[in-house]
Amino acid sequence: MEPDKEKSRILYDLCRDQPLAVLATTNGTAPYASLVAIAISEDLRCLYFATPRATRKVANLTGHHQVALLLDNRSNQVSDFSRAAAATLIGHATELQGSERERGLAIYLGRHPHLAGFTASPGTALYGVTVEQISLVTRFQQVIDYHLNP
């Protein structure tokens, strides 16, 4: 595989295979990180996560829509120093409503069918993140930035 194709495959596999990500939000003063179950569209341009509305992350998202999500494939072994990959996805998150929610929910539940009861609760919000940039890091130092145009 060519290096660019190899890195693109690593990025695609990482985004499609990892069920969890660390979501970074802010209240305008301080950052906050949360672990969320995610699903991502085939083109990697839209990521979905569900969360109870009565959370700090939702309070943060009410006033500050820009987010970062970290996905990684580490195994907490020494081999991670040469094999682990991490991707930071940067974009804007909005709570989905109506037909957008239905489309996003189908993708989300396709990845996480065990969360159907959780997402059906009126107290649960489904967010869509429009991904604008992805930074892929391999071998703890090789960085490739992908800028996604609308």
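Observations on the structure shown:
- Members of the stretch 101-127 found to be in contact with a Ser or Thr (Cβ under 8 Å, 6 or more places away or on another chain) and either outside any helix (DSSP H, G or I) or more than 16 Å from residue 43 (Cα to Cα) (or both), listed by number: 105, 109, 118, 124, 125, 126, 127
- The stretch 49-82: number of residues that are under 10 Å from the mean Cα position of the chain (by Cα) and not in a strand (DSSP E or B): 0
- In the stretch 76-121, the qualifying residues are those that are open to solvent by 60 Å² or more (accessible area, probe 1.4 Å) and either among the β-branched types (Val, Ile, Thr) or in contact with a helix residue (DSSP H, G or I) (Cβ under 6 Å, 6 or more places away or on another chain) (or both), and the one that is farthest from residue 26 (Cα to Cα) is 78.
- Matching residues, the stretch 122-138, being open to solvent by 40 Å² or more (accessible area, probe 1.4 Å) and either in contact (Cβ under 8 Å) with a residue 60 or more places away in the chain or closer than 17 Å to residue 70 by Cβ (or both): 130, 132, 133, 137
- Single condition residue 143 does not satisfy, out of (1) of a type in the set (Val, Ile, Thr); (2) part of a strand (DSSP E or B); (3) out of contact with any Lys or Arg (no Cβ under 7 Å at 6 or more places or on another chain); (4) touching a residue at least 12 places away in the same chain (Cβ under 8 Å): (4)
- Residue in the stretch 25-37 that is under 21 Å from residue 103 (Cα atoms), among the hydrophobic types (A, V, I, L, M, F, W, C) and at pLDDT 90 or above present: yes
- Filtered by the rule that a residue be outside any loop (DSSP other than H, G, I, E, B) and either among the hydrophobic types (A, V, I, L, M, F, W, C) or within 30 Å of residue 98 (Cα to Cα) (or both), the stretch 128-140 gives 128, 129, 130, 131, 132, 133, 134, 136, 137.
Rundown of residues vs (1) among the polar types (S, T, N, Q); (2) part of a strand (DSSP E or B); (3) surrounded by 12 or more Cβ atoms within 10 Å (Cβ to Cβ); (4) touching a His at 6+ places or on another chain (Cβ under 7 Å), yes/no style:
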position: 6; (1), (2), (3), (4): no, no, no, no
position: 24; (1), (2), (3), (4): no, yes, yes, no
position: 29; (1), (2), (3), (4): yes, no, no, no
position: 47; (1), (2), (3), (4): no, yes, yes, no
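- Taking the numbered list (1) open to solvent by 30 Å² or more (accessible area, probe 1.4 Å); (2) not in a loop (DSSP other than H, G, I, E, B) in turn, residue 34 passes all entries but (1).
The values are calculated or read from the model by the stated rules, or taken from the named source; none is laboratory data. Since the model is a prediction, treat every value here as computed from it, not as a measurement. Every residue, glycine among them, receives a Cβ derived from its backbone with ideal geometry; neighbour counts consider all protein chains shown. Surface accessibility is based on the protein's heavy atoms, side chains included, excluding ligands, DNA and RNA. Shrake-Rupley method; radii C 1.70, N 1.55, O 1.52, S 1.80 Å.
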